[in-house]
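Derivation of every value follows stated rules applied to the coordinates shown; laboratory data play no part. Just so we're clear, the structure is a prediction, and the values are computed from it rather than from any experiment.
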Amino acid sequence: MLGHIPRRNRSMSDERQHTERMQRALGIVDAAFDRPEHEREQWAITQCAGDAALANEVKSLLAADHATLWPERARSEPLDDSLIGQRIDRYLIRARLGAGGMGTVYRAEAQGELALPAVALKVIKRGMDSEEIVSRFLREREILGRIEHPLIARLLDGGMSQDGRPWFAMELIDGEPLLAHCDRHALTIEARLALMLQVCDAVAYAHRLLIVHRDLKAGNVLVDRQGRVKLLDFGIAKLLDHEAGSGTGSAA
């Protein structure tokens, strides 16, 4: 009977169920991003077939896609974080910029070297470092490592923290979201189209590398102080050459 199962076994069983549920949720959300944005949530919830716990995980992951990971919205983030003031590799963590369902992005500074700009350092949250999530994180880092384009946020560094969590550092964009920039400057149609052409240039470059972003939206585009766009967030991007080679699915 259930009452005779040792507490530790029940805990291990709960943990295994949580891991399996998270893996199912990741699979559903991954597939959902191949659908139009306005259809994603309803389609994903339908795939849960009435499993409320699974649906909650799916909603959480979808909500994480909208989480802000860049400086212009850092004011809304709480400041209490155990990593602030700590070091990851050579980087001193100064502030938290944002957090999603699986990872957190910090403003960090390289120590021991002068005149280096601050970076946006992304690390998996403690407790979320399952094999599936780590694999997705490393694929994102691999995709970013292939990209070298002035209109796409650059990967600068990467490694593994002392407690075994992967991280990577990207250029820290001093800018604002695309729509906010257009509205604040009351840009003309011609000026807005010029920004869109920059976005198209960045996307076309990624496509030449067989990288499909899969989450193009205004929230993933910043405009810096020089008026250049910066395409962000390749967390669910797909590497078409991987898919063609393995025949097993996407590199999300």
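Quick rundown of the values:
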quantity	calculated
Stretch gain in nm, segment Met196-Asp51, where the contour uses 0.36 nm per residue and the Cα spacing is subtracted	48.1 nm
Computed over segment 121-230, Kirkwood Rh from alpha-carbon pairs, angstrom	15.5 Å
